[in-house]
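In what follows, a single structure is set out as structure tokens and then discussed.
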Amino acid sequence: MHEIKPKRMLVILAHPDDESFAVGGTLAKYARKDVQIILLCATRGEAGIPGLNSTEAGEIRERELRKAAEHLGIEVYFLGYQDGELASVKPETLLETIACWVDLVKPQVILTFGPDGVSGHPDHVTISRIVTQVYDQFYKKGMLLYIHPSEATELGCGVSSSSTDDEQPLIEVDISDYKLDKILAIQSHASQNPGLPAKPEEAMDKIPCSEQYTIARDAQTGDNYPDWFEPQREEEKDAIR
Ligand SMILES: [Zn+2]
């Protein structure tokens, strides 16, 4: 890992492209506000290119994610699990791997899928469950945010809002100044046929101006509380009331 910065966000997702479609604007925005953003991608998306074997597909998708990460200004690490098989990995193994990363990074914000996995994909659901367990059992500091189904996740990810808990407080991140970064990141995943016009400038109106999160846990513990996130949250809470 690179040098540790004072402000840190740990993003834990399942496949290359989850980060760009669902949360790319948020990642680009905070990366440019000097937050160190570390993405853990559980798999290389080996199952995601029809007609290619898993080794070739994994190599292509790893390259695409590294390129997207450059556009977003984030660090990326692969956990090395197989695409589509996270639900059958021993939970203790996943738990230990993710707990080690949380302990290493000590992030003020952890960002992952909600219990519905946004799209219901079993890999997403598994990641959400394990990350939440890690927070509850070993961490309990800062904030745990879940990706909230919205117009932003509809693009590319599909939406499943069946298990959305309307009681949970919502953060709406305005990404209007970071849409170009998000588009370039999405377009890096060429093997996933992003469905955007080739010229980034022409894709601007296809990208919603905000991304939404529910606050799943909010420990507000002293020096590990993300005050860099707070002003934004209050202001944007007002905006969406
Ligand atoms: Zn995914």
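The values are calculated or read from the model by the stated rules, or taken from the named source; none is laboratory data. Bear in mind the structure is a predicted one, so any value in this text is a computation, not a measurement. Cβ coordinates were reconstructed from backbone atoms using ideal geometry, including for glycine residues, and neighbour counts include every protein chain displayed.
Restricting attention to region 88-99, which residues are in a helix (DSSP H, G or I) and under 25 Å from Arg63 (Cα atoms)? Can you show your working first?
In the first step, residues of region 88-99 are kept if they are in a helix (DSSP H, G or I); the result is 88, 91-99.
Residues satisfying the conditions are Leu94, Thr97, Ile98.
The residue that is farthest from the ligand (Cβ to nearest atom), among those in region 1-16 that are modelled with pLDDT under 95 and touching an Asp or Glu at 6+ places or on another chain (Cβ under 9 Å), is Pro6.
Could you tell me whether any residue of region 43-50 is more than 13 Å from the ligand (Cβ to nearest atom), touching a residue at least 12 places away in the same chain (Cβ under 8 Å) and either in a loop (DSSP other than H, G, I, E, B) or surrounded by fewer than 24 Cβ atoms within 10 Å (Cβ to Cβ) (or both)? If you could, list the steps in order and put the result at the bottom.
First, the residues of region 43-50 that are more than 13 Å from the ligand (Cβ to nearest atom): 49-50.
From what's left, touching a residue at least 12 places away in the same chain (Cβ under 8 Å): 49.
If we keep only those that are either in a loop (DSSP other than H, G, I, E, B) or surrounded by fewer than 24 Cβ atoms within 10 Å (Cβ to Cβ) (or both) as well, we get 49.
Yes, there is a match, as at least one residue in region 43-50 is more than 13 Å from the ligand (Cβ to nearest atom), touching a residue at least 12 places away in the same chain (Cβ under 8 Å) and either in a loop (DSSP other than H, G, I, E, B) or surrounded by fewer than 24 Cβ atoms within 10 Å (Cβ to Cβ) (or both).
Trp101 meets each of the listed conditions (1) away from the ligand (no atom under 16 Å from the Cβ); (2) touching a Gly at 6+ places or on another chain (Cβ under 9 Å); (3) not polar (S, T, N, Q) apart from (2). Summed over region 195-240, residues that are modelled with pLDDT under 85 and buried (at least 16 other Cβ atoms within 10 Å of the Cβ) total 8.
Picking from Leu65, Leu111, which residue would you name as being within 16 Å of the ligand (Cβ to nearest atom), surrounded by 22 or more Cβ atoms within 10 Å (Cβ to Cβ), under 17 Å from the mean Cα position of the chain (by Cα) and in a helix (DSSP H, G or I)?
Numbers: Leu111 fails: in a helix (DSSP H, G or I).
When all the criteria are applied, what remains is Leu65.
A residue that is within 13 Å of the ligand (Cβ to nearest atom) and on the phi > 0 side of the Ramachandran plot cannot be found anywhere in region 20-31.
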